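Rule-based calculations on the coordinates, nothing more; no lab input. Because the structure is a prediction, the values reported are computed rather than measured. With ideal geometry, Cβ positions are generated from the backbone for all residues, glycine too; neighbour counts draw on all protein chains shown.
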Amino acid sequence: MSAEAGRDLGWEEARRVAHAAGKAMPYQMVPLADALGQTLAEPVTALQEIPHYASSAMDGWAVSGPPPWTFVHPPVEDPRRLNAPHSDSGIIPLESGQATFILTGGTVPANTTGILRTEHGLVRGDTLNRNDLARADEPAPGEHIRPAGEEAASGSTAIPAGVVLNPAQIALAAVCGHDTLAVLRAPRVSLLMTGDEVIEAGLPQPGQVRDTFGPQLPAFVAMLGGHVDVAGRARDDFDDVVHAISSEATDAASLARASGDVLITTGGTGGSSADHIRRALAALEAELIIDGIAMRPGHPTLLARLPDGRFLVGLPGNPLAAMMAMLTVAGPLIAGLRGAPLPPLRQVLSGADFEPLPGRSRLVPYRNEDGRAQPSTHQRSGMLRGLALAHGVMVIPPAGCATDQPMQAIDLPWPTPQ
């Protein structure tokens, strides 16, 4: 795609273009212990029936036919063999009038009518009968027996692809016989912060600003499905920026940056003499996929493909604008690289009237109040209070909207305040 083709894309088109650019990477196999929170790449199927044998739901006796029952015991072929009561109970098929001791989860022997629970049995020598607590027909056919395949047939899908794995699903995968799972690979992301006016600690002086990216971008990237390998900083110098973006590896940090999948830069995407990202991309002969988005805030957002195949996402320097660019471009790109679908949007009812803004969509943090999306306060591109307390981000089209008109909205990838 030429640079001109991706200039000032509409907001929805920019999301689609970013997602389509990220071709799915091969999935990876991880042990069950490492699968928590990962996105399943392939369905989990039962490798055998679940449960894989008929088992008892109670401690008691497996019985066949009507009482009284005579006890039979598994043969002891080798006195040195350790007892295995859960499997031993199923060794000898029962005949009518016979019973054998069984534990919860124990193998039900062939020809078993049902399980007489311990509390309802009367034992005298080698004979078992019902006691006064038992029903006259206890056990009914199949009572307290968990049939093989009751939960899942062999080959059936137990967990569909695309779910974010929770502890119960990992346990189910183990029950299905799996030791490893195929999960979507988290794209390797590097961060490159620019801005000589940025300080990383303390109170800024006039002309300085605090670093709002370093403390939160790694976690933000993780919430979007990526993994940050390295974070660094470049001076506001053209040659320094070109060197930092290029694939030339001179130390551990630059090696990690050059071998990743995505490079996210902060600041320097404007057109002034102090903004070097666009000129650096031109010098490196990068393919410019998105050159600005028709949205506010976040218009000077960039997406490029470097000659070595890495993607570069250029975030604007203002913090709210950068966060909107992350949701609009970085999130869909990372989803595409993982093989995940484009993050869905929701519909909300606008809590306010918005005048038209020709040619630009507006991304407006909002709070849910009385069933409506009420615009948050403090929404300028350099402000964060509105987003910090928001429940989501409403997308106002260039034509504006009226109160109670349905609008598309972006879900935030973090837990939102009540």
ask   = Measuring from centroid to centroid over Cα atoms, what is the spacing of region 87-155 and region 338-414 in Å?
value = 61 Å
message = Under a Cβ-only charge scheme (Lys and Arg +1, Asp and Glu -1), can you give me the dipole magnitude of the chain about the Cα centre, in debye to the nearest 20?
response = 700 debye
ask   = How large is the Kirkwood hydrodynamic radius of region 231-362, in angstrom, based on all distinct alpha carbon pairs?
value = 15.9 Å
message = Explain nothing, just the number: relative contact order of region 346-411, from Cα pairs under 8 Å at least 6 residues apart, as a whole percent.
response = 47 percent
At 0.692 mPa s and 37 °C, Stokes D of the chain from Kirkwood alpha-carbon radius, µm² per second = 127 µm²/s
inquiry  = Could you sort the peptides 37-44, 110-117, 133-140, 264-271 by per-residue average Cβ neighbour count (10 Å cutoff), highest mean leading?
reply    = 264-271, 110-117, 37-44, 133-140
inquiry  = Is there a quick way to get the dipole size of region 55-146? I mean about its Cα centre, with the Cβ of Lys and Arg at +1 and of Asp and Glu at -1; what is the value in debye to the nearest 20?
reply    = 100 debye
ask   = Ordered by packing density, taken as the mean number of other Cβ atoms within 10 Å over each peptide's residues, highest first, how do 221-232, 396-407 rank?
value = 221-232, 396-407
inquiry  = How big is region 9-117 along each principal axis, measuring the range of its Cα positions in Å and listing the largest first?
reply    = 83, 35, 18
query = Relative contact order for region 243-392 using alpha-carbon pairs under 8 Å, separation at least 6, rounded to a whole percent?
reply = 18 percent
query = Extent of region 298-384 along each principal axis, from alpha carbon coordinates, in Å, largest to smallest?
reply = 49, 27, 25
note = Once the dipole of region 297-395 is set up from charges on Cβ (+1 Lys and Arg, -1 Asp and Glu), the residue from the list LEU327, ALA352, THR377 lying farthest towards its positive end is LEU327
key: Contact order normalised by residue count of the chain, Cα under 8 Å, 6+ apart, percent   = 18 percent
query = Of all DSSP beta bridges located in the chain, what percent are antiparallel, nearest 5?
reply = 65 percent
message = What number results when the radius of gyration of region 346-411, computed over Cα atoms, is divided by 2.2 N^0.38 Å?
response = 1.00
request  = List the trypsin sites (Lys or Arg not before Pro) within region 161-260 that fall in a DSSP loop (any state other than H, G, I, E or B) and whose Cβ has at most 15 other Cβ atoms within 10 Å.
outcome  = ARG235
request  = Quickly rank 322-330, 299-307 as a protection proxy: mean count of other C-beta atoms within 10 Å, highest first.
outcome  = 322-330, 299-307
note = Share (percent) of C-alpha pair distances in region 64-172 greater than 23 Å works out to 42 percent
ask   = Of ASN131, ASN318, ASN368, which has the largest mean-square fluctuation in a 10 Å C-alpha GNM of the chain?
value = ASN131
